[in-house]
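The values are calculated or read from the model by the stated rules, or taken from the named source; none is laboratory data. Note that the structure is a prediction, hence the values are computed from the model and not measured. Counting neighbours? That spans all protein chains shown, and the Cβs are built from the backbone with ideal geometry, glycine included.
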Amino acid sequence: MEMRKSIQNRRTGVVITLLSLFCFVLIFEYCKITQWNVFFIVTEIVLFIIFSASFMATFIKTGLWVFIHKPLSKLDEREITVTSRSLRYAYIVFTVTTLLLLLSFAVINTPIDIVLVVSLILYAHILPAVNIAWTEKEI
Amino acid sequence: MESRKIYNRIAILRKEKSLTRNELADKVGVNFQTIGYLEREEYNPSLDLAFRISEVFELPVDLIFSTEPLTPLSQLLTKK
C-alpha cells in the first residue's frame, strides 16, 4: 500500500469524488423530471471529468485501488485487518444509503434509472477504499 | 473485546541492528508500513509475528513486547 499523499489531501480527494458523483446523479435525476438544456449537459460533463480526475488522484495514483483488490494471500496481518474493517464499514454504509435511496424513490413514485444503478455500484465499489483513504494515517 | 496497547522496543532494536524498515519487514514477512505501525505502537502484532520479530533480534518476546510502558534498556542495565 503506497499512500504518499497526506491524510488531508486524501480526505479532500474523497470528498470531491463522492460529491461529484452525488451531484452527477442529482442533476441527471433533476433533468429527467424537468428537461435537459445545454447548461446541465455541460455541468454533467464537467462533473464527470472532476469525478474521473479526483478518482485517479485519490485512488489509482496512491495505490489504494490496487491495495483493496489484492488477494488475501498477498496481504500481511495488519493489511488484512485494515481491509476487513473497511469492507465491514462499506457494507453498513452502502446498505443504509441504498435502503434510504430506494425508499425515497418509492415514496416519490419515480422509477429508478440505469445511471443511478451504475452510480450505486460504483459507490459500493469505492467505499472500502474511501474508508482506508479517510482513516489510515500517513505512511 | 477492547485489546490492550502493546508497547515494544522494535524501533531501538532495529536501529541497533542497523536494519531498515524494509529489511526487517522482509525478514518477518510483512509490508514495511506494518513495521512503521508497530514501531509507533499503533498496531498490536499477532503472537506469530511477535515470535518472528523476537527471532530476528534473537531476544525473548517479553524483552521486546510488554503491556506496560517499557523503560529503555540502558536504564535497566544501569539499575543492575
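Annotations for the structure displayed:
- B:L49 being within 26 Å of A:T135 (Cβ to Cβ) and part of a helix (DSSP H, G or I): yes
- Residue in the stretch B:31-80 that is nearest to the other protein chains (Cβ to nearest Cβ), counting only those that are hydroxyl-bearing (S, T, Y) and touching a Leu at 6+ places or on another chain (Cβ under 9 Å): B:T34
- Among the residues of the stretch B:15-30, those that are in a helix (DSSP H, G or I) and within 14 Å of another protein chain (Cβ to nearest Cβ) comprise B:R21, B:N22, B:L24, B:A25, B:D26, B:K27, B:V28.
- Condition check for A:S84 on (1) in a helix (DSSP H, G or I); (2) away from chain B (no Cβ under 14 Å): one failure, at (2).
- Test: residue in the stretch B:12-26 that is under 10 Å from the mean Cα position of the chain (by Cα), surrounded by fewer than 16 Cβ atoms within 10 Å (Cβ to Cβ) and either within 23 Å of A:F67 (Cβ to Cβ) or not basic (K, R) (or both): yes
- Sub-7 Å Cβ pairs linking a first residue in the stretch B:1-19 that is touching a residue at least 60 places away in the same chain (Cβ under 8 Å) and under 19 Å from B:L49 (Cβ atoms) to a second residue that is of a type in the set (S, T, Y) and part of a strand (DSSP E or B), at least 6 apart or interchain, are B:Y7/B:S66, ordered by first then second residue.
- Candidates B:L77, B:L63 - the one that is loosely packed, with under 11 Cβ neighbours inside 10 Å, assigned to a helix (DSSP H, G or I) and modelled with pLDDT under 95: B:L77
- Between A:A133, A:A106, A:A90, A:A124, the distinction of being loosely packed, with under 15 Cβ neighbours inside 10 Å and more than 14 Å from chain B (Cβ to nearest Cβ) belongs to A:A106 only.
- Residue within the stretch A:67-79 that is within 14 Å of chain B (Cβ to nearest Cβ), among the acidic types (D, E) and part of a helix (DSSP H, G or I) present: yes
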